[in-house]
Each structure stands twice: as structure tokens, then as C-alpha cells.
Amino acid sequence: MAAVAVNGLGKTVKGAGRDGGELTILQDIAFSVMPGESLAIIGASGSGKSTLLGLLAGLDLPSTGRVILDGVDLSTLDEDARAALRARLLGFVFQSFQLLPALTALENAMLPLEIAGRPDAAGRARQCLQQVGLEHRLRHYPRQLSGGEQQRVALARAFASSPRLVFADEPTGNLDAATGQQIIDLIFEMNARQGTTLLLVTHDEAIARRCRRVLRIAEGRLVEDRAGSDAGRP
């Protein structure tokens, strides 16, 4: 069974077009992702790739088509049920880190585990922070961390619950090149360690090539589905 299956997916927004008409963001998108596969979604700014990721996660609803996540048709779920499914299946890495400023690195990494009622939340979060090289920063707040360190906390948070899928939306977008490379290396390292299914939105071709498959979105359409040429790279 596919980890993610998409059929005839489309998204339009009424009144958002140049003439006040309908704006088509995505149209007739169809693909599937198998468990353990890594998939990059690439495209120019405004092509619809981040909108697609939001639809795949059930954060937004499509105008047409279906998303089936781990065998569950998202169209059959209400908002609360979609949120519960995300909590059970997904880890997220965002471009802007999305850390809570009033929580320490450890507390941020623990958060999804505590919401899920995991009794081992602190121990598991500590382990993941150690894996990303932040064992010495557990008690620091986001404002005391560099951008790269904040994204490492976000990685630990995403992988701490051992999710079946990790969605990463431009995870290096707010980082310099060297730090971004370190973060990408960590994403692939942790993904390989846990055997997670990875969906990665990026504008960077070099990053995309490290995924097993690459989908290219242009003007809201899926225009290319190819193998990543560096997919065997650690």
C-alpha cells in the first residue's frame, strides 16, 4: 500500500484571479509514494509546490481529487480527525523553524510526544537532540540559538515521534549555504536511520537529486516525474 496516493488533485481559489475570477493553483495532480521512499517536489516560486504539501498533510482541502494518506482518504475526515491523523503519522520541518519561543529546545522537541501522551517524551526528545548534535543546548530557548541550531531542534521534534512520514517545506530556505548543507545531511541521515517516508519541497536541484524521485511542478501541473540522480548518496 502506498504511503501517499494522490488522484486528480486540484486547488482553485474564488475571487483571487487577476480579473476577480477563479485562480487555479493546482490541477489534475496524480502520483503515489511508497513507504520508505524519498520524494522531492521542485518548482519555481508560485508553482504550487507548498500548496501541494499542505493538501497532502490535510492542512488544506482540495477543490477536486483525493489524497489517501496511509490508506485513509482525507476527504472522509473532519478537521479534528485530520489533525489526529497528522499527530499519529507525520513529522514536519518548516522553513521558518516554527519553534515556540517560551519553550526550551528540549521542551520544543518533547511537544508532539507530550500531546500524544507518550510517557517517554523527555528521554526520546533528548535522544533525538543528541543525534542532531544539540545535547549541550537542551535548556536554551530559541532566541539563544542560531538559525542552524533552531532547525536542528525542529528536526529533532519532527523525528522524535518516529513518524511514518516526514514533510519538509524548504528546510534550508532561511539558512546560509554551509549550514543548509549540514541540515540536509542530517535530514537524510535521520530519515535513513528511521526508514521514514520523506517528502521534501525545495527549489534546490542539488538537494532534490538526493531523493529517490523528483517531481517537478510548473504552473500548477505535474510536468516531470524522474529518478533522483544522487539517490544513493548518504
- prompt: What do you reckon, is Ala57 of a type in the set (Gly, Ala, Ser) and either open to solvent by 40 Å² or more (accessible area, probe 1.4 Å) or without any contact (Cβ under 8 Å) to a residue 24 or more places away in the chain (or both)?
  reply: no
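Each row is one residue, and each column tells you yes or no for (1) touching a Phe, Trp or Tyr at 6+ places or on another chain (Cβ under 7 Å); (2) more than 13 Å from Phe92 (Cβ to Cβ); (3) of a type in the set (D, E, K, R); (4) without any contact (Cβ under 8 Å) to a residue 24 or more places away in the chain.
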position	(1), (2), (3), (4)
Arg118	no, yes, yes, no
Gln130	no, yes, no, yes
Ser161	no, no, no, no
Ala178	no, yes, no, yes
- request: Quick one: which residue in Pro112, Pro101, Pro62, Pro142 is under 30 Å from Val6 (Cα atoms) and in contact with a helix residue (DSSP H, G or I) (Cβ under 6 Å, 6 or more places away or on another chain)?
  value: Pro62
task: Could you please let me know if Thr12 is among the hydroxyl-bearing types (Ser, Thr, Tyr), surrounded by fewer than 21 Cβ atoms within 10 Å (Cβ to Cβ) and either modelled with pLDDT of 95 or more or touching a Pro at 6+ places or on another chain (Cβ under 9 Å) (or both)?
output: no
field: Considering residues of the range 164-217 that are among the acidic types (Asp, Glu) and under 23 Å from Arg86 (Cβ atoms) only, the residue least open to solvent (accessible area, probe 1.4 Å)
entry: Glu170
field: Failed criterion for Val153 (all others in (1) open to solvent by 20 Å² or more (accessible area, probe 1.4 Å); (2) modelled with pLDDT of 95 or more; (3) farther than 27 Å from Thr12 by Cα hold)
entry: (1)
- request: Would you mind stating whether Arg164 is over 15 Å from the mean Cα position of the chain (by Cα) and either under 27 Å from Leu59 (Cβ atoms) or modelled with pLDDT of 90 or more (or both)?
  value: no
message: Contact list please: Cβ distance under 7 Å, first residue in the range 94-115 and in contact (Cβ under 8 Å) with a residue 12 or more places away in the chain and farther than 22 Å from Leu175 by Cα, second residue open to solvent by 30 Å² or more (accessible area, probe 1.4 Å) and of a type in the set (D, E, K, R), pairs at least six apart or on different chains.
response: Leu111/Arg157; Pro112/Arg157; Leu113/Arg124
- request: Looking for whichever is more than 30 Å from Gly180 (Cα to Cα), among the polar types (S, T, N, Q) and open to solvent by 40 Å² or more (accessible area, probe 1.4 Å) here; the options are Ser63, Ser96, Ser45. Which one fits?
  value: Ser63
- prompt: Hey, among the residues in the range 66-86 that are in a strand (DSSP E or B) and open to solvent by less than 30 Å² (accessible area, probe 1.4 Å), which one's farthest from Leu165 (Cα to Cα)?
  reply: Asp73
message: Suppose we keep only residues that are of a type outside the set (D, E, K, R) and on the phi > 0 side of the Ramachandran plot within the range 54-99. Which one would you say is farthest from the chain's Cα centre (by Cα)?
response: Gly65
- prompt: Identify, please: which residue in the range 55-95 is under 24 Å from Gly220 (Cα atoms) and polar (S, T, N, Q) and is, among those, modelled with the lowest pLDDT?
  reply: Gln95
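Based on what the data block shows, is Arg118 in a helix (DSSP H, G or I), open to solvent by 10 Å² or more (accessible area, probe 1.4 Å), of a type outside the set (Ser, Thr, Tyr) and modelled with pLDDT under 95?
Details: in a helix (DSSP H, G or I): no; open to solvent by 10 Å² or more (accessible area, probe 1.4 Å): yes; of a type outside the set (Ser, Thr, Tyr): yes; modelled with pLDDT under 95: yes.
Taking the combined requirement at face value, the residue does not satisfy it.
The values are calculated or read from the model by the stated rules, or taken from the named source; none is laboratory data. What you see is a predicted model; the values in this text were computed from it and never measured. Note that each Cβ is placed from the backbone with ideal geometry, even for glycine, and that neighbours are counted across all protein chains shown. When the accessible area is computed, the model is the full protein with side chains, heavy atoms only, and any ligands, DNA or RNA have been set aside. Shrake-Rupley method; radii C 1.70, N 1.55, O 1.52, S 1.80 Å.
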